[in-house]
Amino acid sequence: MHTHGLLKCLRPAALILTLICGAALAEETVVDSAFGEVSVSGQAERVVTLYEAALDTALAVGANAVGAVITRGGTDVADYIKSRAGDIAIVGTPRETNIEAVIAAQPDLILAPAYTNEQQYQLLSKIAPVVVSNVPPFQPDSWERETRLYARAMGRGEAVEALIAQIGERIAEVKALVEARIPEAQRDAILIRWMPQGPLVMTKDVFSATLLRAVGFNMHDNGLVKEGRPHSEPLSLENLSGMDENWIILATLNRDGEEALAAARRSPAFSRLDAVANDRVISVSGQLWTSASGPLATLAILDDIEAAVTAIQP
C-alpha cells in the first residue's frame, strides 16, 4: 500500500525528468568537423579556444570563452579583442597547447584549428568534445564558413547569421567610400608583415587581403608567395621593389618588428618606393591584419580601412 502510494508520487517527477531529457536530446547538435561528426549537447557554457578565429567567434556570439592561446608574436590574446576577452586563461600558443591548462579551465567544448593533428585531437577529446575546423584556408569565404562552424558547435548558429548579415552591410559601406575616394587605376595594393629579419609579402588570399579585395582594392603578392603558403620568404632591403604597389599595408606584430621597420624607413631603398613617395603606406597591427580572422576582426579591419581612406587628402 505504502509502496504503491510512493510510486504514484514518483510518477509526475519521472515524467518531468523524461521531458527534460527529451529536450536535452533535441538540443544536441551534430557538427561535421575535420575528424568526423562531433555531438555537442545544448549551448556550450565553458569554451576553450585553441585558435584566434575561434576566440573571435566565441566572443562575437556571446559565448563564455574560458581559455585561449596567445596571439602570434605576443604574450596574450590580440589587442583588438583583449577588452572583450577580459582575464581569460592562457592555455598555450598557436602551435603548442598546454593540456594541464586546458583541463584546469574545465571546458565543455574545445574549438581547434585545422592544423590540429589526430593525436592532439584524441588527447583533447578525453577532456571535452573537440571541433576541429575543416574549412580550407585562403578562400574568400573561409572566415565565414569557419565562423558558422564554430558558432553552430556552440549552439549559436542563429546569432552568427545576423552578425554576418550586418558585416555584409558594413562591407558595402566601406566599398562605396573606397570607390568614391580612390580612382580604380590607383587601387593596386600589397600587404606586408615587417619582421626583424625583413619584410614578408602576405599572400593576396590571406584573410585581411580578401576584405581589401571585397571593398575594391586590387590585391597582389607579386608572385613572391608559394602556393598554399601564408607569406613569402623575407625580402632584403635591396629587393624592396618587389613589394611596391600604389598602396602598401604595412603590419608589425610587436616592438621588435616596429624597431626593425623604423630602421628600414631610414634606408634609401625604402624611401624610393612609389607608395612611400606618394604617402600611401598604411600602418596597421599585425596581430589583427596578419594573424586574426573572424567577425570581430572583420569589423575592426573595415574600421581601419575606412579611417585610412577617409584620411586621404583630395
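The values are calculated or read from the model by the stated rules, or taken from the named source; none is laboratory data. Since the structure is predicted, the reported quantities are computational estimates derived from the model, not experimental observations. No Cβ is skipped: glycine too gets one built from the backbone with ideal geometry, and neighbour counts run over all protein chains shown.
Being without any contact (Cβ under 8 Å) to a residue 24 or more places away in the chain and in a helix (DSSP H, G or I) narrows it down to one of Ala269, Ala300, Ala307, Ala260, so name that one. I'd like the intermediate steps shown before the answer.
Details: Ala269 fails: without any contact (Cβ under 8 Å) to a residue 24 or more places away in the chain; Ala300 fails: without any contact (Cβ under 8 Å) to a residue 24 or more places away in the chain; Ala260 fails: without any contact (Cβ under 8 Å) to a residue 24 or more places away in the chain.
After ruling out the rest, the residue left standing is Ala307.
How many residues, within the stretch 274-287, are buried (at least 24 other Cβ atoms within 10 Å of the Cβ) and either within 25 Å of Gln186 (Cα to Cα) or not assigned by TED's automatic domain parsing to the domain that holds Phe207 (or both)? Break it down stepwise before answering.
To start, the set of residues in the stretch 274-287 that are buried (at least 24 other Cβ atoms within 10 Å of the Cβ) comprises 286-287.
Applying the additional criterion that residues be either within 25 Å of Gln186 (Cα to Cα) or not assigned by TED's automatic domain parsing to the domain that holds Phe207 (or both) yields 286.
Number satisfying all stated conditions: 1.
Taking the stated definitions as given, is Gly67 within 19 Å of the chain's Cα centre (by Cα), at pLDDT below 95 and within 21 Å of Val40 (Cβ to Cβ)?
no
Criterion first (of a type in the set (Phe, Trp, Tyr), touching a residue at least 24 places away in the same chain (Cβ under 8 Å), out of contact with any helix residue (DSSP H, G or I) (no Cβ under 9 Å at 6 or more places or on another chain) and surrounded by 15 or more Cβ atoms within 10 Å (Cβ to Cβ)) does Tyr150 satisfy it?
Numbers: of a type in the set (Phe, Trp, Tyr): yes; touching a residue at least 24 places away in the same chain (Cβ under 8 Å): yes; out of contact with any helix residue (DSSP H, G or I) (no Cβ under 9 Å at 6 or more places or on another chain): no; surrounded by 15 or more Cβ atoms within 10 Å (Cβ to Cβ): yes.
No; evaluated as a whole, the condition is false for this residue.
Counting only residues that are part of a strand (DSSP E or B) and either among the hydroxyl-bearing types (Ser, Thr, Tyr) or closer than 16 Å to Ala114 by Cα (or both), how many does the stretch 44-67 have? Walk me through how you get there before you give the answer.
Filtering the stretch 44-67 down to residues part of a strand (DSSP E or B) leaves 47-49, 65-67.
Next cut, either among the hydroxyl-bearing types (Ser, Thr, Tyr) or closer than 16 Å to Ala114 by Cα (or both) only: 48-49.
Adding up the residues that qualify gives 2.
Report the residue count in the stretch 32-87 for those that are over 24 Å from Lys126 (Cα atoms) and either touching a residue at least 12 places away in the same chain (Cβ under 8 Å) or touching a Leu at 6+ places or on another chain (Cβ under 9 Å) (or both). Give the derivation first.
Of all residues in the stretch 32-87, those over 24 Å from Lys126 (Cα atoms) come to 56, 59-62, 71-87.
Narrowing the set further to residues that are either touching a residue at least 12 places away in the same chain (Cβ under 8 Å) or touching a Leu at 6+ places or on another chain (Cβ under 9 Å) (or both) leaves 56, 59-62, 71-74, 76-81, 84-85.
Of the residues in that region, 17 qualify.
Condition check: in contact with a Phe, Trp or Tyr (Cβ under 9 Å, 6 or more places away or on another chain) and either crowded, with 19+ Cβ neighbours inside 10 Å or acidic (Asp, Glu) (or both). Does Leu237 satisfy that? First the steps, then the outcome.
Values: in contact with a Phe, Trp or Tyr (Cβ under 9 Å, 6 or more places away or on another chain): yes; either crowded, with 19+ Cβ neighbours inside 10 Å or acidic (Asp, Glu) (or both): no.
Taking the combined requirement at face value, the residue does not satisfy it.
So if I check each of Pro113, Pro107, Pro140, which one is at pLDDT below 95 and out of contact with any Cys (no Cβ under 8 Å at 6 or more places or on another chain)? Can you show your working first?
Details: Pro113 fails: at pLDDT below 95; Pro107 fails: at pLDDT below 95.
Of Pro113, Pro107, Pro140, the one residue that is at pLDDT below 95 and out of contact with any Cys (no Cβ under 8 Å at 6 or more places or on another chain) is Pro140.
Surrounded by fewer than 15 Cβ atoms within 10 Å (Cβ to Cβ) and farther than 24 Å from Thr75 by Cα - does that describe any residue in the stretch 101-109?
Looking through the stretch 101-109, none of the residues is surrounded by fewer than 15 Cβ atoms within 10 Å (Cβ to Cβ) and farther than 24 Å from Thr75 by Cα.
One line per residue, one yes/no per condition, for (1) touching a Phe, Trp or Tyr at 6+ places or on another chain (Cβ under 7 Å); (2) under 22 Å from Leu212 (Cβ atoms):
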site: Gly242; (1), (2): no, yes
site: Asn246; (1), (2): no, yes
site: Leu250; (1), (2): yes, yes
site: Leu253; (1), (2): no, yes
site: Pro268; (1), (2): no, no
site: Asp279; (1), (2): no, yes
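Just checking, which of Glu161, Glu227 is within 29 Å of Ala260 (Cα to Cα), among the acidic types (Asp, Glu) and either under 22 Å from the mean Cα position of the chain (by Cα) or outside any helix (DSSP H, G or I) (or both)?
Glu227
So which of Glu259, Glu238 ends up being at pLDDT below 90, under 23 Å from Ala277 (Cα atoms), among the acidic types (Asp, Glu) and not assigned by TED's automatic domain parsing to the domain that holds Gly74?
Glu238
Tally the residues that are in a loop (DSSP other than H, G, I, E, B), surrounded by 14 or more Cβ atoms within 10 Å (Cβ to Cβ) and not hydroxyl-bearing (Ser, Thr, Tyr), restricting the search to the stretch 119-138.
Applying the first criterion (in a loop (DSSP other than H, G, I, E, B)) to the stretch 119-138 yields 126-129, 133-138.
Then keep just the ones that are surrounded by 14 or more Cβ atoms within 10 Å (Cβ to Cβ); that gives 127-129, 133-135, 137-138.
In the following step, the residues that additionally are not hydroxyl-bearing (Ser, Thr, Tyr) were identified as 127-129, 134-135, 137-138.
Of the residues in that region, 7 qualify.
Of all residues being in a loop (DSSP other than H, G, I, E, B) and of a type in the set (A, V, I, L, M, F, W, C) in the stretch 230-257, which is nearest to Gln139 (Cα to Cα)? Just the residue, please.
Quick first cut of the stretch 230-257, residues in a loop (DSSP other than H, G, I, E, B) only: 230, 232-236, 244-246, 253-254.
Subsequent filtering for residues that are of a type in the set (A, V, I, L, M, F, W, C) retains 235, 253.
Details: Leu235: 25, Leu253: 23 Å.
Per the stated criteria, the residue is Leu253.
Would the stretch 89-106 turn up any residue that is of a type in the set (Val, Ile, Thr), in contact with a helix residue (DSSP H, G or I) (Cβ under 6 Å, 6 or more places away or on another chain) and either in a loop (DSSP other than H, G, I, E, B) or not assigned by TED's automatic domain parsing to the domain that holds Thr290 (or both)?
Within the stretch 89-106, the first condition is being of a type in the set (Val, Ile, Thr), and the residues that meet it are 90-91, 93, 97, 99, 102-103.
Applying the additional criterion that residues be in contact with a helix residue (DSSP H, G or I) (Cβ under 6 Å, 6 or more places away or on another chain) yields 91.
Filter once more, keeping what is either in a loop (DSSP other than H, G, I, E, B) or not assigned by TED's automatic domain parsing to the domain that holds Thr290 (or both): 91.
Looking through the stretch 89-106, at least one residue is of a type in the set (Val, Ile, Thr), in contact with a helix residue (DSSP H, G or I) (Cβ under 6 Å, 6 or more places away or on another chain) and either in a loop (DSSP other than H, G, I, E, B) or not assigned by TED's automatic domain parsing to the domain that holds Thr290 (or both).
For the stretch 205-226, name all the residues that are free of Cβ contacts under 8 Å to residues at least 40 places away in the same chain and out of contact with any Phe, Trp or Tyr (no Cβ under 9 Å at 6 or more places or on another chain).
Going residue by residue through the stretch 205-226, those that are free of Cβ contacts under 8 Å to residues at least 40 places away in the same chain are 209, 217-226.
Within the stretch 205-226, Asn218, Met219, His220, Asp221, Asn222, Gly223, Leu224, Val225, Lys226 qualify.
When you scan the stretch 199-218, how many residues do you find that are over 19 Å from the mean Cα position of the chain (by Cα) and among the small types (Gly, Ala, Ser)?
Number satisfying all stated conditions: 1.
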